[in-house]
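Take a look at the structure set out below.
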Amino acid sequence: MIRGIRGATTVEKNDETEIVQNTRQLVEEIVEQNNVKPEDIASVLISVTSDLNAGFPAKALRLIEGWTYVPVMCMKEIEVPGSLAKCIRVMMTVNTTINQQDITHVYQKNATVLRPDLSSQTEKN
């Protein structure tokens, strides 16, 4: 079965090191919470808000052992007035036997406001 796993995080400033570091932390938690292996990943899409351009968040995935062949793409998030600033969003498409309602979506830092219903789920795990 193919499932999508969502996640999001924020950074304090438009800094390549912080963008890569926070993206890596987010991806590693998604993987841990959902028992994902690199070979089970079809692709990873990463979007950033327009105020983040200091570096590619996809670089974080290349720092994780075993992720060499995982397809990843970065893109710009649509600009909606009043939306969360300095935000990095991840959509990981994986092959899994986990039921849809049992997928753990991960929201970190200020991004917990995006899906408070799912953020509380992450905190319980």
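For the chain, just say rounded, prolate or oblate: build the C-alpha gyration tensor, square-root its eigenvalues into a ≥ b ≥ c, call rounded for a/c under 1.5, and beyond that prolate if a/b exceeds b/c, oblate if not. It is oblate, given that a/c is not under 1.5 and a/b is not larger than b/c. Largest GNM mean-square fluctuation across Gln33, Gln21, Gln100, computed for the chain with C-alpha springs under 10 Å, falls on Gln100.
Taken one residue at a time, the phi angles of the stretch 5-17 give Karplus couplings (6.51, -1.76, 1.60, θ = phi - 60°) of 10, 9, x, 7, 8, 10, 10, 7, 9, 7, 9, 4, 4 Hz. Gly and Pro are set to x.
Applying the Karplus relation 6.51 cos²θ - 1.76 cosθ + 1.60 with θ = phi - 60° to the stretch 68-77 yields 3J(HN,Hα) values of 3, 9, 6, x, 9, 9, 9, 7, 8, 6 Hz, where x marks Gly and Pro.
Please compare each pair in Lys13/Lys37; Lys76/Lys109; Lys37/Lys86 to a cut-off of 22 Å on the Cα-Cα distance and tell me which ones are over it. Walk me through the intermediate numbers first.
Numbers: Lys13/Lys37 31 Å; Lys76/Lys109 20 Å; Lys37/Lys86 28 Å.
Check vs 22 Å cut-off fails for Lys13/Lys37; Lys37/Lys86.
Would you please classify the overall shape of the stretch 57-110 from the alpha carbon gyration tensor, given that a ≥ b ≥ c denote the square roots of the eigenvalues, rounded means a/c under 1.5, and beyond that prolate means a/b larger than b/c while oblate covers the rest? List each step's numbers first, then the result.
Values: a/c = 2.15, a/b = 1.26, b/c = 1.70.
It comes out oblate by the Cα gyration axes.
Of the GluC sites (Glu not before Pro) found in the stretch 11-102, those in coil by DSSP whose Cβ has at most 13 other Cβ atoms within 10 Å are Glu12, Glu65, Glu79. Remark on Val72: its backbone amide H falls under 5 Å from those of Val44, a criterion applied only to residues 5 or more positions apart or on other chains, H modelled at 1.01 Å from N.
Per the helix-only calculation at 222 nm, which mean residue ellipticity applies to the chain, given -39500 (n - 2.57) for every DSSP H run of n ≥ 4 and division by its residues, nearest 500 deg cm²/dmol?
Numbers: 3 runs with 32 residues, N = 125.
Calculated from helices alone, the mean residue ellipticity at 222 nm is -7500 deg cm²/dmol.
Throughout, read-outs are computed from the coordinates displayed, never taken from laboratory work. Nothing here was measured: the structure is a model prediction, and the numbers come from that model. Virtual Cβ from ideal backbone geometry, glycine too; neighbours counted across all protein chains shown.
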